[in-house]
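Read-outs: derived from the displayed coordinates by stated rules, not from any lab. Given the structure is predicted, the values throughout are model-derived calculations rather than measurements. Backbone-built Cβ (ideal geometry, glycine too); neighbour counts: all protein chains shown.
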Amino acid sequence: MQDADKNHAERGHTARLDGADLRIGIVQARFNTALTDTLARACIAELEALGVQPKHIKHVTVPGALEVPIALFALAETEDYDALVAIGCIIRGETYHFELVSNESGAAVTRVSLDHEIPIANAILTVENEEQAWARAEVNGREAARVAVEMANLMEDLS
């Protein structure tokens, strides 16, 4: 097993978490504001800890998760960003609306990423209840920042 791990490490890509030269755009849904504010604060703090300069972080808000992709699209169109972050929180309710918003927002975020060839860290939480959301908010915000920086660097390495 150790030989397999060694071979994988030699062939694989080592995560580069240096954000010093990166420009990152964040789109935050305001629906469930307390939760999405926590996600955004954790994300921005982690970006700065990874070396992204505050002046190179663009943070915009939109009404809800379904509006996140169009704002991501607008940011991607500028070609000013190395990576983007989608932030939101969808909590299951009693109707089909949860599935609609979760599925459509997730698919649209992926489409923007692929169409524009820009990494998008998707931190739109889809949870059963508020308790689950709070348990994930800070961690997922930080992780989204790490994904954005790593993927921006990887895309640079691959180009």
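The table that follows gives values for the structure above.
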{"read-out": "Net charge, Val127 excluded, C-beta distance under 11 Å - Lys, Arg +1, Asp, Glu -1", "value": "-1"}
{"read-out": "For His59, residues with placed amide H under 5 Å, excluding near neighbours", "value": "Ile26"}
{"read-out": "Two-site label geometry, Ala49 and Glu130: point separation in nm, points 7 Å out along Cα→Cβ", "value": "2.7 nm"}
{"read-out": "Simple spin-label estimate for His97 and Ile70 in nanometres, 7 Å along Cα-Cβ", "value": "1.8 nm"}
{"read-out": "Surrounding net charge for Ala76, when Lys and Arg each add one and Asp and Glu each subtract one, Cβ distance under 14 Å", "value": "-3"}
{"read-out": "Average Cα contact separation per residue, the chain, under 8 Å, 6 or more apart, as relative contact order %", "value": "32 percent"}
{"read-out": "Distant-in-sequence amide H partners of Gln53 (H built 1.01 Å from N, under 5 Å)", "value": "Leu22"}
{"read-out": "Rounded to 10°, Cα long-axis angle of helix 2-11 versus longest principal axis of the chain", "value": "90 degrees"}
{"read-out": "Helix axis angle, 130-158 relative to the chain longest principal axis, alpha carbon, degrees", "value": "40 degrees"}
{"read-out": "Full-stretch length increase - Asp80, Arg30 - with 0.36 nm per residue and alpha-carbon distance subtracted", "value": "15.6 nm"}
{"read-out": "Net charge of neighbours whose Cβ lies under 11 Å from the Cβ of Ala29, counting Lys and Arg as +1 and Asp and Glu as -1", "value": "-1"}
{"read-out": "Nearest-0.05 FRET efficiency for Asp157 and Asp115, computed from C-beta distance (R0 22 Å)", "value": "0.55"}
